[in-house]
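The values are calculated or read from the model by the stated rules, or taken from the named source; none is laboratory data. Every value quoted in this text rests on a predicted model; they were computed, and no experiment measured them. Every residue, glycine among them, receives a Cβ derived from its backbone with ideal geometry; neighbour counts consider all protein chains shown.
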Amino acid sequence: MNVVTDRASDAQRRAPTYQVLVDDIKALGVEQVFGLMSDDTAVFATALDSSGIRFYGARHENNAIAMAEGFSYATGGLGVAVIGRGPATANGLHASTYASRAGSRVLIISGDAATSGQANGIGPDYKSFSAQSVLTAAGIHSFTATSPATARGALADAAAAALQGGAAALLLPVNVQLADMVLNGDAGASPSPKRDRPPQAPQPQAIEAAAALLRQSRKPVILAGLGAHRAGAKAELEQLADRIGALLVTSARGKDMFRGHPANLGIVGSFSHSAARRMIDQADCVLVFGAGLNLLTMSFGHSLPKVPLIQVDSDRGHIGRWHPADVAVVGDARLAAQALLEALPPGSNVDRPFRSDETFRFLSEFDIARDFEPASTARTVDPRGLGVALEKLLPANRNLVYDAGNFLGIVPYLSVPGPGHFKLTSDFASIGLGFGTALGVAKARPDETTVLVIGDGGFLMTMGELETVVREDLPLVVVLMNDCAYGAELHFLKMRDLPVAKSVFPDVDYAPIAEAFGFQAATIRSLDDLQKLGPLLAKPDGPLFLDCKLNAAIAAPFMSEIHEFETRKH
Ligand SMILES: Cc1ncc(C[n+]2csc(CCOP(=O)(O)OP(=O)(O)O)c2C)c(N)n1
């Protein structure tokens with residue numbers, strides 16, 4: 001027996017489990033991961049980076065997971081985050097929950113306590129944490145590699161679950177990662193996740209029921225959401241609107257899908273302008289494509305008149321979830337629009353007041369910059385005026401990523417090239433996920449400008465990532481909406497006539513702090529301050545930070561809507 005040969009073949013048939021998993025991740029087409037390593041994932045993270053899968057490090061696990069989510073949002077592909085076990089997994093729970101609700105394709109790989117129960121052979125693991133139970137309780141599909149033999153299958157299952165949309169977690173116990181795996185000659189085999197389902201055509205009977213309503217409608221409104229954008233339905237929806245004499249409007253997530261169309265009303269609901277509200281109030285039928293009709297789209301029950309509502313969605317469970325539908329059409333938005341075009345030939349709608357000269361004149365003369373009374377002070381700007389000014393100064397080909405808070409009142413004033421460039425991070429109704437998400441979008445789209453719009457409260461929660469921007473060379477424009485307060489809470493307290501002291505902050509100058517991290521930075525206390533930065537904003541050259549001091553007296557329209565809703569409930 002030749003011992004040397006035997007040893008060589010032995011070496012070929014065994015490899016550390018972490019290394020095999022790295023190779024499988026590479027075979028999935030993953031070229032970068034986002035993360036924050038712990039003792040239990042340092043070897044794995046380093047092996048990923050050494051194999052050419054670039055490791056982008058964040059300074060908080062929530063931000064690492066949000067980066068993966070932003071990356072997936074911007075590419076449609078898998079976003080992968082690698083974090084540690086126990087406290088690190090707990091730290092990332094907020095973003096994990098967010099990612100699972102946002103519907104992006106996010107794979108969260110965490111370390112986990114050794115399956116033997118004793119990490120070091122001396123005593124219990126200080127970091128022990130029932131990650132599988134906690135993540136499952138949070139609604140996140142979780143898979144544990146309980147042994148080297150099952151590790152590849154667990155990765156394949158977790159990746160497949162993530163690719164279905166929504167986050168999935170893969171837990172890698174420390175001892176399993178480091179143990180050798182016996183390869184049985186199939187070292188190259190990679191997981192093969194399920195493909196997307198083909199678009200589903202709607203039932204003809206459902207289309208006929210919708211068409212019957214639309215034939216009688218004089219003033220229809222077509223409302224499109226992100227689902228319609230993802231189905232590629234824009235052209236068909238515009239054609240359908242032109243055919244039946246409808247006005248076009250979107251949910252916030254569908255923002256600017258119909259920009260430039262003369263019948264475009266912008267966003268419906270809490271982020272709408274006065275002209276949109278005035279026209280939508282007159283609608284006699286609403287036709288919804290791929291929009292969830294959540295509280296903000298519905299202005300807490302007030303955005304749409306009580307008229308027949310037809311809801312088209314590829315997911316049956318989305319129809320009527322937030323708001324009742326009178327006619328449900330289950331199917332792909334583009335195919336449903338095509339079917340409606342066939343069912344409603346030209347001339348079906350003769351009386352078309354929404355397409356009158358008067359309507360078009362009203363809409364073309366509407367100027368959002370004059371839709372509010374500017375309220376700047378000597379040392380602060382009006383957030384809406386800031387939006388109007390930034391609209392002209394920022395590069396048109398931009399991604400806008402928003403944290404959450406009262407400052408979201410700026411949304412109607414800033415346009416994007418289309419819905420895939422507008423990212424809200426409030427799927428868990430939380431603050432503090434904008435920064436990480438923006439970094440993931442910036443990584444995915446290096447040739448476009450990514451703008452993070454964030455309040456000072458959300459920024460204080462995540463400002464450690466200023467260092468990530470520069471270290472990982474992921475340039476961002478940060479627009480800090482600095483009202484020296486948790487503005488949302490400030491307005492809630494004011495509306496209840498309660499003391500506001502605990503919701504307000506001192507006026508901190510953040511520009512020098514950002515400069516210390518390597519940003520170009522400026523403090524904006526007037527629109528003139530902003531205008532002076534025109535050339536820099538038009539073509540940002542590296543990371544840029546604007547500390548915009550805002551008039552805190554201005555509540556976003558949705559603040560009073562929420563207040564009215566809350567007081568209505570109790
Ligand atoms: C994780 C989390 N913590 C707290 C909140 C409650 N909350 C919602 S908005 C808000 C204020 C945010 O302040 P800021 O980022 O400055 O934005 P502003 O409201 O002032 O525009 C807070 C604390 C939340 N939604 N999520």
Look at residue 401 and say whether it is touching a residue at least 24 places away in the same chain (Cβ under 8 Å) and within 13 Å of the ligand (Cβ to nearest atom). no
Evaluation of residue 320 against (1) surrounded by fewer than 22 Cβ atoms within 10 Å (Cβ to Cβ); (2) in contact (Cβ under 8 Å) with a residue 12 or more places away in the chain; (3) touching a strand residue (DSSP E or B) at 6+ places or on another chain (Cβ under 9 Å) (one fails), failing number: (2)
Going by the conditions given, is residue 248 without any contact (Cβ under 8 Å) to a residue 60 or more places away in the chain, farther than 14 Å from residue 338 by Cβ and not in a helix (DSSP H, G or I)? yes
If we scan the stretch 429-444, do we find a residue that is in a loop (DSSP other than H, G, I, E, B) and away from the ligand (no atom under 14 Å from the Cβ)? no
In the stretch 164-186, which residues are part of a loop (DSSP other than H, G, I, E, B) and closer than 18 Å to residue 44 by Cα? 179
Taking the criterion of being in a loop (DSSP other than H, G, I, E, B) and touching a Gly at 6+ places or on another chain (Cβ under 8 Å), would at least one residue in the stretch 496-504 satisfy it? no
Any residue in the stretch 535-561 that is under 21 Å from residue 295 (Cα atoms) sitting within a Cβ distance under 9 Å of a residue that is surrounded by fewer than 18 Cβ atoms within 10 Å (Cβ to Cβ) and charged (D, E, K, R)? List the pairs, counting only those 6 or more apart or interchain. 555/494
Within the stretch 462-490, track down each residue that is near the ligand (Cβ under 9 Å from one of its atoms) and farther than 16 Å from residue 507 by Cβ. 488, 489
Quick test for you: out of 425, 449, pick the one residue that is away from the ligand (no atom under 14 Å from the Cβ), polar (S, T, N, Q) and touching a residue at least 40 places away in the same chain (Cβ under 8 Å). 449
Kindly establish whether residue 417 is modelled with pLDDT of 95 or more, within 21 Å of the chain's Cα centre (by Cα), assigned to a helix (DSSP H, G or I) and not basic (Lys, Arg). no
Would you check which residues across the stretch 329-347 are crowded, with 18+ Cβ neighbours inside 10 Å and outside any helix (DSSP H, G or I) and list them? 329, 330, 331, 332, 344
Does residue 459 satisfy being assigned by TED's automatic domain parsing to the domain that holds residue 530 and either away from the ligand (no atom under 16 Å from the Cβ) or touching a residue at least 60 places away in the same chain (Cβ under 8 Å) (or both)? no
Residue under question is residue 201, and the condition is that it be over 25 Å from the mean Cα position of the chain (by Cα), of a type outside the set (Val, Ile, Thr) and buried (at least 24 other Cβ atoms within 10 Å of the Cβ); does it hold? no
Candidate set: the stretch 404-422, residues that are within 10 Å of the ligand (Cβ to nearest atom) and surrounded by fewer than 24 Cβ atoms within 10 Å (Cβ to Cβ); chosen: the one nearest to residue 454 (Cα to Cα): 404
